[in-house]
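Presented below is the structure to which this report refers.
The values are calculated or read from the model by the stated rules, or taken from the named source; none is laboratory data. Please read these numbers as outputs of a predicted model, since none were measured by experiment. Here Cβ is always computed from backbone atoms with ideal geometry, including for glycine, and neighbour counts include all displayed protein chains. Heavy atoms of the whole protein, side chains included, go into the accessibility calculation; ligands, DNA and RNA do not. Shrake-Rupley method; radii C 1.70, N 1.55, O 1.52, S 1.80 Å.
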Amino acid sequence: MNDHAKESRKGRPVDNANDITADLIAVVVAVNGHEPRVLTIGRANVLPSGPFELGHRSLQSGLRSWVEEQTGQPLGYIEQLYTFADRDRVGTGQRVISISYLALTREEEATQSARRRWQRWYDYFPWEDHRSGAPSMLARVLRPRLLKWADSAGDNETRRERRQRAAVAFGFDERQWNEELTLQRYELLYEAAMVGEAAGGQPSAALSSAAGESMIADHRRILATGIARLRSKIKYRPVVFELMPPVFSLLQLQRTVEALAGRLLHKPNFRRLVEQQELVEQTGETTADTGGRPAKLYRFRHGVLDERAIAGAKLPLTRA
């Protein structure tokens, strides 16, 4: 555990292996400049977090308090993500239960400061960005090393199982890439000791750029969980409006969804389905920021804003 994690516990003792503490961890996401970004502190390797204390009215109020205290960033939309309770998660011998949350904020609220850094999430997961095609590292670096790891197993059944997991997770052997398997891909690389957080996993120079930036403890695993949740959620609920400014062009909306999904969408299909689902309405204004002819500006319908907790409306992820 680094100094930031220790400080977040307000001096709590960590030398008693029988202690069980509950931490609140935030995956705060914004899309800035068509890049998905995550809120970090320290050397950009720590997610905002802190212990759940008696003075907190609820888990969510405790989380909001820690994030604002550590970063000065107020939180808007928030939902519980996952509870992590694996033994020795933080490497101190102490049992720490972490309750993680996914929070979304808008670009204009996602400003840098001395207390916080908005980091591209593809810096941590470079293999996840397929907007310009499959990253070359998949075939050039990750595939041969994963196959080598698979073949190092002591029996044929395990070798076969490892190869199949790698192929499904990373879309090898002509399988289709599934953007929602972010967590499975990271955990596979962790198991193969190909990321810095793995026990003994010190990536070689050839692997380091492909392995992505490391984070303390299992914060990168928690971030992967948040990315997978958001990529899945934008397909069946219009939560993307939490990331958009009050008015926007359909191209801006498409670029935001593409940034989150890490893949390009079919423009005519995207626009047709967004309009068919009556997610947006025209404002009567236009913008010249698109670089071409003026584009119409839209806003989310009030009905969508009122019904945002109801499943059903979705943004289409149709391949380009």
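Structure notes:
- Checked across segment 230-238, the condition of being in contact with a Phe, Trp or Tyr (Cβ under 8 Å, 6 or more places away or on another chain), modelled with pLDDT under 95 and either aliphatic (A, V, I, L, M) or under 30 Å from G196 (Cα atoms) (or both) holds for no residue.
- Cβ-Cβ distances below 8 Å connect the following pairs, each with a first residue in segment 128-142 that is over 20 Å from E258 (Cα atoms), a second residue that is open to solvent by 40 Å² or more (accessible area, probe 1.4 Å), and a separation of six or more residues or different chains: M137/S209; V141/A206.
- Residues of segment 153-207 satisfying the condition of being hydroxyl-bearing (S, T, Y) and at pLDDT 95 or above: T158, T182, Y186
- Helices (runs of 4 or more DSSP H) contained in segment 218-302 and holding at least 3 residues open to solvent by less than 10 Å² (accessible area, probe 1.4 Å) and not aromatic (F, W, Y): 219-233, 250-261
- In summary, D15 fulfils each of the numbered conditions (1) open to solvent by less than 60 Å² (accessible area, probe 1.4 Å); (2) acidic (D, E); (3) modelled with pLDDT under 85 with the single exception of condition (1).
- Residue in segment 166-176 that is among the charged types (D, E, K, R) and surrounded by 12 or more Cβ atoms within 10 Å (Cβ to Cβ) present: yes
- Here L183 passes the criteria (1) touching a Ser or Thr at 6+ places or on another chain (Cβ under 7 Å); (2) over 18 Å from H219 (Cα atoms) except the one numbered (2).
- Among the numbered conditions (1) closer than 30 Å to G76 by Cβ; (2) surrounded by fewer than 18 Cβ atoms within 10 Å (Cβ to Cβ), the only one that S209 does not meet is (1).
- Considering only residues in segment 177-198 that are of a type in the set (F, W, Y) and within 11 Å of A224 (Cβ to Cβ), the one that is least open to solvent (accessible area, probe 1.4 Å) turns out to be Y186.
- Pick from segment 18-41, criterion at pLDDT 90 or above and open to solvent by 30 Å² or more (accessible area, probe 1.4 Å), ranking: nearest to M215 (Cα to Cα): R37
- Taken together, Y82, Y77 contain a single residue that is at pLDDT 90 or above, closer than 23 Å to F125 by Cβ and open to solvent by 40 Å² or more (accessible area, probe 1.4 Å), which is Y82.
- Residue list for segment 42-64, filter: out of contact with any strand residue (DSSP E or B) (no Cβ under 7 Å at 6 or more places or on another chain) and either surrounded by 17 or more Cβ atoms within 10 Å (Cβ to Cβ) or among the basic types (K, R) (or both): G42, R43, N45, H56, R57, R64
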